[in-house]
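Please treat every number below as a calculation from the coordinates, not as lab data. Everything quoted here is computed from the prediction, not taken from an experiment. FYI the Cβ positions are ideal-geometry reconstructions off the backbone, even for glycines, and counts take in every protein chain you see.
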Amino acid sequence: MRPVYLVTAGAVLLACGPRVAPHPERAPTLVVLVTVDQLRSDYLTRFESQLTGGLGRLLRGGAWFPNAFQDHANTETAPGHAAVWSGRYPRRNGIVSNDRGVPDTTVRLLESDGPGASPVRFRGETFFDWLRARDPGARALSVSRKDRGAILSVGRARESVYWFAPEGRFTTSTYYADALPRWVRAFNARRLPERMAGRVWDLLLPDSAYAEPDSVPFEFGGREVQFPHVLSPDSALAARALLDWPWMDELTLQFALAGVEALGLGRGPGTDLLAVSLSATDGIGHRFGPDSREIHDQILRLDRLLGAFLDSLGRLGDSARVVIALTSDHGVAPFPELYAARTGASAGHVSLRPQLTEVRRALADRGIPAVAFRLEGDQLWVDRGAFAAGGVSLDSVVRVFAERVRAVPGVARADLVREFATADTVHDVIARRWVHSLPPDLPIEVVITLEPHWVWGRGGDAQHGSPWDYDANIPVVLFGAPFRPGRYEDTVYAVDLAPTLAAGLDVPIRGEVDGRVLRSALGGATER
C-alpha cells in the first residue's frame, strides 16, 4: 500500500511506518548517484554470472530491485533522469521529453560552440535539494556525456555540473558559471578523446563467453556489424565519434574522479553528492540493439569500469561512509525487423506524416498555420489561441486526426488527453503512464501509443520512448550501511528511489513526491 503524505512547512512526512533511525557513527560523507543510460534491467540478470566488477559488487552487496519501472510513457533520457532523482513524474517536474528538457537559448556554453542548456523547465526539487536543506554545506558534482543527464540529476541547483561538448571536451553553461575552473581546463588540456584515435574495441572475454551471434545485418544499418570495431584514426573525428563507444564511460568516470579530488568531495564532516550519468550503453544500444554481442560486451566493460571507479573512490576517502544508488533512465526495444524474424510477430515502422499533412492543409484554408498543429514525437501540440482566432473547433479537428491515426498499421491507440480524466489508471497501465507524463498546463491534445515492438520513422537504430515494459523496466540498487542487502522481487517505481535514499540517510523530503519509501530495503547491512 502506498503511504499517505502529509505536507507541512514545506516538508513531506511519511504517515505510515516508523522513521528510520540515523546511524551517526556511519553517517555517509559521500552519496554517489549512478544513472546508466539505457540500462535494461534484464541485462543484469542475463549477464549476472559474468559481472565480477562494480555492477556485481553492487548487486551482491546492495538492495537490488530488478522489477523497477519508469511509470511514465515518454521513456527518454531527460524525463527519466528528472523522475528518478526528484521522486516525481513528469506531470509534476515538467520534463516531458528530450526536446523540451534542458535546451535553453538564453545561456551559452563555456569554451564550446554547442547549444546552451539549463534546468529552466524543471519544476520543484531533487534529492540533492533535500540533502542541502538539511546540510547547507553540502556540495554536488554532476557529470555526464549528455547535458540532460548531468543537469537533471541535480535539478535547478547551481552546483558543479558538466557534460561532454561536441568538440571533445567537458563544459558547462553560463547558468552555472562564467568560466571553467582550473581543474576542468587542466583535464581538457590532456586531450584524452583525441588520444583514443584508432583504438580497437575487441571482445573482453573469449568468444565462447558470448551467446549472441556477431553478424546480425540489422545492427548499425548493416555496417561494421562484427568485432573488432576500430575508432577513427583521425583525432578530431575520434573525439566526436567517441560518444557511442565504450571508452566514453571510461572518460566520464576519469573526469568524475578528477572533480572529486579537485573539489575535495566526501571528506566530511557533512555529506556531499556525486552524480554520474553514463551514456555509452545508450549509444551502443541504439547502434547494435539489446540482443547484440556488442551490448553484452559493453555491460561487461561497464562492470569492470565501475569496479575500478569504486576502488578509486575508496582510495580518496573512507569507502565505508559512501552510499551508492544505481539505476537507469529507460530501456530499449529490439530492432523490429529482428524481433519479427525471431518471433513471427508483427513489428515495423510508423510514420504519421500523411495524416498530419492532410489535416494541416485543411487548416491552412482556414488561416491556421502549420505550427499551430504539430507532432512532437508521439504528442500532438496545438496553439489553442490560433484555433479560437480562426473560429475553428479544436475538438472536432483533434477527434478527426485521432480517428485517422488509429487506422494506421502499427498504431495501438491515439488518446485524447482530456479523456484521461475518466480513465481506469489502475488497470490501464498505458493510460496511467500517460497521465504521469503530462503536466496539465501544457497544450497537448492527443498522445499516440504504437503497438509493441513497432517504432517511429524508417529505422536504422534501436529505439526507446514507449510506455511498454521493455522501455520502462530498469534496475534500482541501493548500496551502503543504511540498506539491507538482498534481491527484492516487488514491483517498484523509479520515483521510489529518491524517497528511499532520503529515508536511509535520514534526510527530510521536501514538497510533494510521487514515490514511496521502500522500507524492505532499509535496516542496515546484514549477512547474506
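Some notes on this structure:
- Stokes-Einstein diffusion coefficient of segment 468-528, Kirkwood radius over Cα pairs, 25 °C, 0.890 mPa s, in µm²/s: 197 µm²/s
- In terms of other Cβ atoms within 10 Å, E294, E419 run from fewest to most in the order E419, E294.
- Relative to its Kirkwood radius, the Cα radius of gyration of segment 290-404 gives an Rg/Rh of 1.27.
- Sorted on the mean count of surrounding Cβ atoms within 10 Å across their residues, most packed first, peptides 492-504, 183-195, 443-455 read 492-504, 443-455, 183-195.
- Residues W245, W381, ranked from the fewest to the most other C-beta atoms within 10 Å, line up as W381, W245.
- Note on segment 147-279: dipole from Cβ charges, positive end direction compared against W201, F218, V276; the farthest Cα belongs to V276.
- Residue-by-residue Karplus 3J(HN,Hα) for segment 236-244, coefficients 6.51, -1.76, 1.60, Hz, glycine and proline x: 5, 5, 5, 4, 7, 7, 4, 3, 10
- Intensity falloff of segment 389-502 expressed as log10 I(q)/I(0), Debye formula with alpha-carbon point scatterers, at q = 0.11, 0.14, 0.18, 0.24 Å⁻¹: -0.53, -0.78, -1.08, -1.44
- log₁₀ of I(q)/I(0) at q = 0.16, 0.19 Å⁻¹ - segment 321-464, Debye sum with one point per alpha carbon: -0.95, -1.20
- In terms of packing, defined here as the mean over residues of other Cβ atoms within 10 angstrom, the peptides 321-331, 60-70 line up highest first as 321-331, 60-70.
- The share of Cα pairs per 5 Å bin across segment 133-274, counted from zero up to the longest distance, runs 2, 9, 16, 18, 16, 13, 10, 8, 6, 3, 1 percent.
- For A68, distant residues with modelled amide H under 5 Å away: I474, V476, V492
- Percent of C-alpha pairs per 10 Å bin in segment 38-177, short distances first: 11, 35, 34, 18, 2.
- The amide H of L278, built 1.01 Å from its N in the peptide plane, has T35, V36, D37 as neighbours under 5 Å, considering only residues 5 or more places off or on other chains.
- Calculated Rg and Dmax of segment 240-314 using C-alpha coordinates, Å: 14.3, 46
- Taking every DSSP beta bridge that has both ends in the chain, the antiparallel portion is near 55%.
- Per-residue ³J(HN,Hα) for segment 422-431, Karplus 6.51 cos²θ - 1.76 cosθ + 1.60, θ = phi - 60°, Hz, x for Gly and Pro: 10, 6, 8, 7, 7, 9, 9, 4, 5, 4
- Residue order, fewest to most surrounding Cβ atoms within 10 angstrom, among D506, D395, D365: D365, D395, D506
- q = 0.06, 0.08, 0.09 Å⁻¹, the chain: log10 I(q)/I(0) [Debye, one scatterer per Cα]: -0.28, -0.51, -0.65
- Evaluating 6.51 cos²θ - 1.76 cosθ + 1.60 at θ = phi - 60° for every residue in segment 151-157, the Karplus couplings come out as 5, 7, 6, 10, x, 8, 4 Hz, glycine and proline recorded as x.
- Taking amide H as placed 1.01 Å from N in the peptide plane, W201 has its amide H under 5 Å from the amide H of H229, V230, L231, each at least 5 places away in sequence or on another chain.
- Its alpha carbons give segment 344-406 an Rg and a Dmax of 13.2, 50 Å.
- Cα centroids of segment 214-277 and segment 355-394: 42 Å apart.
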